[in-house]
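Before any comments, here is the structure.
The values are calculated or read from the model by the stated rules, or taken from the named source; none is laboratory data. Just so we're clear, the structure is a prediction, and the values are computed from it rather than from any experiment. FYI the Cβ positions are ideal-geometry reconstructions off the backbone, even for glycines, and counts take in every protein chain you see. These accessible areas exclude ligands, DNA and RNA; they are computed on the full protein's heavy atoms, side chains included. Shrake-Rupley method; radii C 1.70, N 1.55, O 1.52, S 1.80 Å.
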Amino acid sequence: MPALPAIPALQNQPTRAAGRSSSGRALAPVATTPRALTPARAQAVAAQPLRPAVAGDIAREPGAQQRVGALQQGLAYAQKLDASLQQLKSGLSLTLARNLPASALDLQARVDGIGRLWQAREGEAAGQIDARLQAVPEGRVPQREFSLRGLDGNSLAAAGAETLRLTLPGQGRALSIHLDGQGLDSHLRAVTQGLAGLGVQTRAQADGGVVLAVSETRWPTLRDGLQLRGDGRRFPSGQPVRAVLDAKPDALQPASWQVEGADAQRASLARVVQAQQQLGQARQALSQRLEAASAAAPAPNAAEAATVARLARHFAEAGQGAPLDYEQLSALLPAVSGVHRARVDQLLAAGAA
């Protein structure tokens, strides 16, 4: 009867399966790797966190696969949007050149399609394209820019101290911003530090405006739930009132594109061309990042490839022996029962190390 390969002893393995069959004959070991995997080493490996059996690919860097996937998804969305814009551009150009009615090429349906695609941006672009039709900086999230009515350069430059109290639904207590009456710069610093507690960034503009920005995911909560009150100088005192937040318009506004009449078609065509130019810059940025991320992924080296090939060959050779009989199976099954595939991968990884 042919001998069976030895199974490394595991911590919960029955004594009977630790290298002998029920007939008492020793099970001949099969060399699977150059480094012997002793029972003690098997137990030590089992206590370590699971890791892929073969290293050297992009999974070695935490989050690399997610970044590449997001870039691919964002680029695919940009390409789909550009294709829809190109179809509308061609339709508008042909309609104007041949003096055709908009219904001849179903221009309104093309505009509506772009509108639906733009509304799905947050879900389909994987956070890679923002409302300004720009590629989101690496490591950042898409942001929505807005202004808080009553909070601008003029109001912040006004004399007099005041404490602003802002609340959001679910927030434990009001967030306070104290304006000390020391002028625009001091007040702007206080607002910047205070609004940071709500995840809001603040930026002053040269024209005296104050632009606020928050992540797109947090924007609906802020827009619908932010309340504030002051001391009666810049904002009313008493009960908090709902803050009026004005979002900056999207770079792409298909709902405003008109396709009836030559003048409206020319205006819409100009907007489409402008959108394509902006989108082209975003696509170029995403493509460059994707190329860089793909190039940074290390390929498996020759030693790792040889190890994988050797393990595969040994497994193939081990499966070419004579079929096991009942006696052999009864000795083998208790040793492998309850052994999860992840544990086997872990042991193989340790032997290949």
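Only helices (runs of 4 or more DSSP H) whose full extent lies in the stretch 100-185 are considered here, and the ones with at least 1 residues that are farther than 19 Å from PRO254 by Cα and in contact with a helix residue (DSSP H, G or I) (Cβ under 8 Å, 6 or more places away or on another chain) are 153-157. Residue-level analysis places LEU212 among those that are in contact with a strand residue (DSSP E or B) (Cβ under 9 Å, 6 or more places away or on another chain) and either part of a loop (DSSP other than H, G, I, E, B) or in contact (Cβ under 8 Å) with a residue 40 or more places away in the chain (or both).
Scanning the stretch 224-260 for residues that are closer than 30 Å to GLN281 by Cα and touching a strand residue (DSSP E or B) at 6+ places or on another chain (Cβ under 7 Å), we see that the one that is most open to solvent (accessible area, probe 1.4 Å) is LYS248. Applying the criterion of being surrounded by 13 or more Cβ atoms within 10 Å (Cβ to Cβ) and more than 20 Å from GLY232 (Cβ to Cβ) to the residues of the stretch 164-177, the residue that is modelled with the lowest pLDDT is GLN171. Taking the residues in the stretch 83-126 that are within 22 Å of the chain's Cα centre (by Cα) and in contact (Cβ under 8 Å) with a residue 24 or more places away in the chain as candidates, determine which candidate is farthest from ARG218 (Cα to Cα). That would be LEU117. Checked against (1) open to solvent by 60 Å² or more (accessible area, probe 1.4 Å); (2) more than 30 Å from LEU92 (Cβ to Cβ); (3) out of contact with any His (no Cβ under 8 Å at 6 or more places or on another chain); (4) charged (D, E, K, R), ASP180 passes all but a single condition, namely (3).
Picking from residues in the stretch 237-253 that are in contact with a Leu (Cβ under 9 Å, 6 or more places away or on another chain) and of a type outside the set (A, V, I, L, M, F, W, C), the one that is nearest to GLU216 (Cα to Cα) is ASP250.
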